[in-house]
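The values are calculated or read from the model by the stated rules, or taken from the named source; none is laboratory data. Small disclaimer: the values here were computed from a predicted structure and weren't measured. Every residue, glycine as well, gets a Cβ built from its backbone with ideal geometry; the counts of neighbours run over all protein chains shown. Areas reflect the complete protein model, heavy atoms only, side chains present, ligands, DNA and RNA absent. Shrake-Rupley method; radii C 1.70, N 1.55, O 1.52, S 1.80 Å.
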Amino acid sequence: MDRRRRRRVRPPRAAAPGPLAARPVAARPVAARPLAALAVTAALGLGLAGGGCGGAAGGRPPLPAGARVLARGSLAYAVVATAGAVVTIELEERFALVVRDPDTGRPRTRVELGPAERDLVAVAAAGDRAWVGGDDRQVRAVDLAAGRVIATWPHGADVTALRWLPGDRDDPAAAAGWLAIGDASGAVCLRRLADGALVQCAALATGPVTALEAGGGLTVVAGGGRSTWTVPALAAAPPAPPPRWRDQPVTARGREVWLGDRLLIRMGERVRAIEVGPSGALFVAAWVARLDDPSVIALPADARW
């Protein structure tokens, strides 16, 4: 289900200054929708008496044995897993940060993030904190226990990726770790989480940063390329390998997730994020074609297919 079906047409954004300059946020235009999409939107508003909302249902292989569906029918934009929680950004009528138990998948907390007019595409988490960013050109720190935003940091471009990175436990100033922020200009910024200070920003890619990965430093994924950098200096480092699950590379290709050369999952619509959690479980966040499509699923390390 295209996210535009849940939105109103918005005025175009004004021309923006340089990528790292502070600037006001303006709305983005949404392309005109075909009549078929408008008809589906009308059907959604009437509650879908027929039970479906378009999109091809055929050819979708069953989920692997042991897979758990954590959410259905939402547009899942991002997922991150820690030892104590699975955290997602999901859009229904409004954006929300959803925190689930990593063992049962049951929701613990839901933090409202605002209307659908601006995409919120990036999430990171560590301990009892999460961080959210997107087209509003800011990063919000969320207290997961209290279920509320406790800090907001402006950013000079659309935020496209976030990643928490561990710090030096022997250094009190860095013990809380670092937050890496990737944006649409190709820049990556580091904030020191002990005090929220912006330490530095560097242009590490020539196009939008699509993902940030931890392990062996900070790996920046952009335009199909990968580069690895030290933290906090952001100096070039030997390239880190891509994510692996069950000792094989795991990749998202459109609405499919592949493990090595084998198709693992085919979701209803585009896969937005994959994450291998500390327990070895694989988490997938995707958009949906029908209201009964899974949007967030978890595969334990011993899943069979």
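Each 5 Å bin from 0 upward holds the following percent of the Cα-Cα pairs of region 155-219: 4, 19, 28, 25, 15, 7, 2, 0.
For GluC sites (Glu not before Pro), the sites in region 65-162 that DSSP calls loop and that have at most 13 other Cβ atoms within 10 Å are Glu92, Glu93. Remark: region 143-197 carries 41 Å² of accessible area per residue (probe radius 1.4 Å; ligands, DNA and RNA excluded). Residue separation of Asp101 and Arg262 scaled by 0.36 nm, minus their Cα-Cα distance, works out to 55.0 nm of gained length. Between Asp168 and Leu198, the modelled label-to-label distance comes to 2.4 nm, taking each label 7 Å out from Cα in the direction of the beta carbon. Per the 1.4 Å probe, what fraction of the accessible area of region 127-179, in percent, lies on carbon and sulfur atoms? Ligands and nucleic acids excluded, carbon and sulfur give 48 percent.
Return the inverse of the average 1/r over all pairs of distinct C-alpha atoms in region 57-173, which is the Kirkwood hydrodynamic radius, in Å to one decimal. Value: 15.3 Å, from the Cα pair sum.
If you bin all the Cα-Cα distances of region 93-143 at 10 Å, starting from zero, the percentages per bin are 23, 55, 21, 1. Computed from the C-alpha gyration tensor, the three semi-axes of the ellipsoid equivalent to region 121-264 are 25, 17, 17 Å, from longest to shortest.
P(r) for region 169-253, from all Cα pairs and a bin width of 5 Å, is 3, 14, 23, 23, 17, 11, 6, 2, 0 %, short bins first.
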